[in-house]
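No lab work stands behind these numbers, since they all come straight from the coordinates. None of these values were measured; they are calculated from a predicted model. Cβ atoms come from the backbone with ideal geometry, glycine included; neighbour counts cover every protein chain shown.
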Amino acid sequence: MASAAALRPPVSRLFPSPTLARYTARMFLLRTLAFLAGLVLILQTLDLLGESSRILAVPGNGEAELWRYVSLRLPQLVALFLPFSVLLATLLTFITLNQNSEVVILKASGLSAHQILAPLVLAGLAVAGLSFAFNELVLTRAQASFDPWKTAEYRPVEGNGGPAGDIWVRSGSDLVRAGRVSGSGPSVRLADVTVFDREADRLVARIEAERARPVPGGWRLEDGRRFDLASARETPFAVLDLPLAATPDQFTTVNIQPRHTPFWRLLPAIRALEAAGKPTDRLRAELHHKVAGPLSAALMPLLGAVAAFGLARSGRLFLRAVIGLALGFLYFVADNFAMAMADFGNLPPVAAAWAPFLLFLLIGESVLFRTEE
């Protein structure tokens, strides 16, 4: 005959006491919000004090620009310090539960280590979901406005601050530069065009034209001149058809800033760049990291669990808290290192985004099973 525990639904086995689950999850969430509010308030104040002199040094800037700086910088600080707040809240929650002997009581009532951690992990998943939505809906817009403004040293930015002019495209062994691009597809038009005609990585001729448009078999250049290096002769032309392999899409797909682009726009932009033959490994790593990064909030309770168990018999509360803190910070170091390796092309995009998360998930589970289960 099956035991009563085996007949329980999976949710009941994971959360045998909804009251205890709400109690621990509420402790964790309140401490997360408290740490986040404190860190952001202090760092926003210090950051504003450091930048206010530069903002006000620009003629015409005043209090409105200071408030604009705060409104654009605040989402960045929230996104930056939310994972650290989750880590600190995890440690403080576990330390509080242990000091009050609540972990001992929970284990004496028959709860396993995973059942004690489950409410915090579930709350961490909720925080991760909110973090993802905040990053894609609020943070990307703030960074898209802040970065060009800061690059202009807090002076008014003309246009939308996006990339403009000097688009370079490789066409076989040749290089093509377009000063301005308009239209799309077959109706794309290039202005201020320069073609570097190369053979075996050696420059043969330089062709400049006022305008260019796609035609069957290549591109038609108008009102330009051709300079041949071998004969050192310059030949003007009104119309010149070149058999260039470059496609119109290669000129209309500009460089993408993943910090400024939400997830649902970044994915089709990457596909467009791939169709144009441009490298996308760095962008794919950022795309995956947009999901893997917020999920660190669900990983922190597992890494901080070393501070929850074994304290009564070992008496080393501070040491265990330091170990949990070190594991959390090592995760952030490994995560940043992996993304840096992806930027240099030394790690595949998926591995760079997910390897640190999976590695520390295994480390946390190994420590938990070895010590408590």
Count, please, the residues in region 165-211 that happen to be of a type in the set (A, V, I, L, M) and under 14 Å from ALA245 (Cα atoms). 4
Could you please tell me which pairs satisfy a Cβ distance under 8 Å, a separation of 6+ or placement on different chains, a first residue in region 43-63 that is touching a residue at least 40 places away in the same chain (Cβ under 8 Å) and within 11 Å of GLU153 (Cα to Cα), and a second residue that is of a type in the set (Asp, Glu) and part of a loop (DSSP other than H, G, I, E, B)? ARG54/GLU153; VAL58/GLU153
Only one of these conditions is not met by ALA334: (1) more than 17 Å from the chain's Cα centre (by Cα); (2) within 28 Å of PHE309 (Cα to Cα). Which number is it? (1)
Is there a residue being assigned to a helix (DSSP H, G or I) and over 30 Å from the mean Cα position of the chain (by Cα) anywhere in region 69-87? no
Subset of region 85-98, residues buried (at least 20 other Cβ atoms within 10 Å of the Cβ), among the hydroxyl-bearing types (Ser, Thr, Tyr) and touching a residue at least 60 places away in the same chain (Cβ under 8 Å), comes to THR90, THR93
Filter pass, LEU48 being within 30 Å of the chain's Cα centre (by Cα), in a helix (DSSP H, G or I) and under 21 Å from PHE146 (Cβ atoms): yes
Among the residues of region 160-168, is there at least one that is touching a helix residue (DSSP H, G or I) at 6+ places or on another chain (Cβ under 9 Å), free of Cβ contacts under 8 Å to residues at least 24 places away in the same chain, of a type outside the set (D, E, K, R) and loosely packed, with under 13 Cβ neighbours inside 10 Å? yes
Suppose we filter region 53-84 for residues that are polar (S, T, N, Q), crowded, with 16+ Cβ neighbours inside 10 Å and more than 28 Å from ASP335 (Cβ to Cβ); how many remain? 1
Over region 332-373, the set of residues exposed (fewer than 15 other Cβ atoms within 10 Å of the Cβ) and closer than 20 Å to PHE81 by Cα is VAL333, ASN336, PHE337, ALA340
Only one of ALA152, ALA191, ALA128 is among the small types (Gly, Ala, Ser) and under 26 Å from LEU295 (Cα atoms), namely ALA128
Out of GLU234, GLU222, GLU286, which single residue is acidic (Asp, Glu) and surrounded by fewer than 14 Cβ atoms within 10 Å (Cβ to Cβ)? GLU234
Per-region count, region 170-220, residues free of Cβ contacts under 8 Å to residues at least 60 places away in the same chain, of a type in the set (A, V, I, L, M, F, W, C) and not in a strand (DSSP E or B): 1
